[in-house]
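Values quoted throughout were computed directly from the atomic coordinates according to the rules given, and no laboratory measurement underlies them. This structure is a prediction, so every number in the text was calculated from the model and none was measured. Neighbour counts are summed over all protein chains in view; Cβ atoms, including those assigned to glycine, are modelled from backbone coordinates with ideal geometry.
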Amino acid sequence: ELYPFKVDLENCDQEPIRFIQAVQAHACLVAVDLDTLTVRFASENTLQHMGRNWESILDRPVQEVFSFEVTAQIPVGLNREDGFETLNPIQAFFTIGAERVLKNVVINRSGDYLLIEVEAASQFLHASRYQQLLSRAITKIQRLREYDNLFRETAAVLRQVTGYDRVMIYRFDGEYNGEVIAESREDHLEPFEGLRYPHTDIPKQARELYLKNRVRLISDTTAPPSPLRRSEQAGDRHLDLSAAGCRGVSPIHLEYLGYMGVSNSLSVAIVQEGKLWGLFAMHHYSPRFVDVSIRNMLLFVGQIFSGHLSLQMANRYRQESLNRNLARLAIGEMITKTRDIFEGLTVGTHNILNMFQGTSGASIQFDGRFQAYRTAPPQEMVNELIEWSRQQNELENNLIFHHNRIAREFPEFDPYRDTAAGVMIVFLNAELTDWIAWFRPSIPQIINWAGKPEKEVIESGSGTRRLGPRKSFARYVETVEGFSSPWTKEEIDLALSLRITVINSLMQRYSEVKQVNE
Ligand code: BLA
C-alpha cells in the first residue's frame, strides 16, 4: 500500500512521512544494500528514467545496473559507521529506448542503504549561466545593509534567478507558527505577505526533515507518485527516504497545495544556530522541474542569506541594546529628579510604557500606593494576579514573572485578553509587595487562510470522510488566539536591570533626604 498511514487533521503530526514508500514522478529511486552492493528497492518508474524496468534490476549487483561514472563514486567496503559523501550530482548516460540520455544521478546514504536517484539534467543550464545567476543572487544579498530590506530584496532576487511565480520568506515564531514576512510575486497573484499560519501546517516531523535535507522540491502536485518495489531479501522494514530528494509527498500536503491552487512548490530551509528559522517558500502555478544544480545553488544562497542574517541581527541587537540602556538610565535620572517613582517611571520621553514594544498598559504598586496606566486591568484583578504569581515556582530569580497568554494559567484574566493577553511583573523588594507590571495585547490575527474555510468535509477516495480545512481553520484560530508577542530574553533582562536602576535611584533619594535631615 502506498500510504499505509491514514492521515487526517488530528494525527498529521504522527504521519511517518520519511517512510512513504513512493517517489515523485520527476525521478526514480534505486536503493542498494551496503553489505552486498545489490539493489533491494526500486521505484516503478525506473524504465522511464534509466531505461530498465524495475523487475529487471531488483537483486542485481550495482555494477550491472549503473555505469562506471556512478559506481566509481561508491567506495568499496563502506561500513555502517563510515561517513559517505559524493559530489552530487554525478552526470551519467543512460540508454532509454533508442537514445543515449545524459542524466543527473544523486547518491545519499540511508542507514544500511545507498539511495540512488536518477533525474533529468537540464540541457539549458550552462556553467556560465549558472555562475551568473549565483553571483547575482549572492552579490545582491551581501550588499544589503538594512535589516528590513533584506527580506524583500532577497525574495525579489530569488524570483529573478529562478523564475518562480511567487517567492516568500516564511519565518517561524517560538511556537513554529509562521508568517510570510516578505514576498515577490507576479502582479496578478493575491498577496500573502503579512499572513500567519499555524504550526500544524508544517508538522514537527516535516520541520525536522529540513534540518537534514534543506531543499524540498514538489515538482508537480498532480502527477501520480511512483510506488517503491522491494526485493524479498529486503525484509519487511520500510525504507527511510529522508535523504532522498524525490521522496513522495504526504497526501494531506498535496491536498493543501491543491486548495492554494499551487502545482509546484520549492522550499529551502533557513537555519540559524542549528534551529529552523524559516524557509524560502516558492510557488509555481504550473508544474515544473528544477534541476538539482539549481536546487544546490539555492541551498548555497540559503546559507549565504543565513550568515548575512546573523550579522544583521547582531548589528540590530547591538543598536537596540544601546537604545534600551539609554532609556533605562533616563528613567533612573527622572526618578532622582522628580523624587517620585510613579512620575519618574512614566512622565519622561523614555518611560515604562514605551520601553517594550507593544505595551498596552502598566500598573505600579509602591509603598502602599497603586497607579494604573492606559489599558491596565482593574486594580483588584491585578492584585489577584500578583497574589497568584507570587506562588508560582517559575518566578525567575524570585523577582520576575512573565507569560504571553496569561488567561490560560489564570482564567480570571480572560475578559482582559484583548489588552492584557501577556503580562510581565518585576518585583522591587524581597517581600514582593512593591512591583511594576506591564501588559501586552493579543496579536491581531488575520482571518485569512491558505485553505478554503468554507469547505467542510472532503470525500477521500476510499469513501472515508476526512475533516476539511474549516476544521483546521478553527484549530488555527484556537492555536494562535489570545497570545501576546512573547517576552524576549532581552526584555526580561532589561526589566531586571531597570529594577536595579530604580532601586539605586530610590537609594540615592533616601540618602539625600537623610543628609538634609542630619
Ligand atoms: C509541508 N507545509 C509544508 C511545507 C510548507 C507548508 C511550506 C514545506 C513543503 C513545501 O514547500 O510545500 C505550508 N506553504 C505552507 C504555508 C504557506 C505555504 C503555511 O506556502 C503559506 C503561504 N499541512 C497542513 C496540515 C497538515 C499538513 C493541517 O496544513 C497535516 C494534517 C502537513 N505540511 C504537511 C506535511 C508536510 C507539509 C506532512 C511535509 C510535506 C513533505 O515534505 O513531504
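Just a few scattered comments:
- Taking other residues whose beta carbon is less than 13 angstrom from the beta carbon of VAL271, and scoring Lys, Arg as +1 and Asp, Glu as -1, yields +3.
- Burial ranking of peptide ranges 342-353, 409-420, 156-167, 40-51 (average Cβ count within 10 Å, highest at the top): 40-51, 156-167, 342-353, 409-420
- Nearest-20 debye value, the stretch 124-276 charge dipole, Cβ charges on Lys, Arg, Asp, Glu: 640
- Compared with the direct C-alpha span, the chain from LEU326 to THR95 gains 76.0 nm at full extension, assuming 0.36 nm per residue.
- Residues whose amide H lies under 5 Å from that of VAL271, counting only those 5 or more places away or on a different chain, are TRP277; hydrogens are built 1.01 Å from N in the peptide plane.
- Note on ILE503 and LEU78: with the Förster distance fixed at 60 Å, the Cβ-Cβ geometry gives a FRET efficiency of about 0.40.
- Distance-filtered residues of the stretch 142-179 - backbone nitrogen under 15 Å, label point 7 angstrom along LYS489 Cα→Cβ: 174
- Only Lys, Arg, Asp and Glu carry charge here, each on its Cβ (+1 for the first two, -1 for the last two); on that basis the chain has a dipole of about 1200 debye about its Cα centre.
- Cα long-axis angle, helix 147-162 against the chain (0 to 90 degrees, to the nearest 10): 10
- Degrees separating the helix 127-143 axis from the principal Cα axis of the chain, which is the longest one: 0
- The chain shape via C-alpha gyration tensor axes, a/c threshold 1.5: prolate
- Computed from the Cβ-Cβ distance with R0 of 51 Å, the FRET efficiency linking SER122 to ASN354 stands at 0.40.
- Separation of alpha-carbon centers, the stretch 5-31 and the stretch 366-383, rounded to whole Å: 55
- Taking only the Cα atoms of the stretch 310-421, the ratio Rg/Rh comes out at 1.01, with Rh defined as the Kirkwood radius.
- Label sites at ARG60 and ARG129, each approximated as a point 7 angstrom past Cα along Cα to Cβ, lie 3.3 nm apart.
- Förster radius 22 Å - calculated FRET efficiency between PHE370 and VAL347, Cβ distance, rounded to 0.05: 0.80
- Debye intensity ratio I(q)/I(0), log10, the stretch 238-348, q values 0.10, 0.20 Å⁻¹ (C-alpha model): -0.57, -1.15
- The gain in end-to-end length when the GLU380 to GLU431 segment is fully stretched comes to 16.4 nm, 0.36 nm per residue minus the alpha carbon separation.
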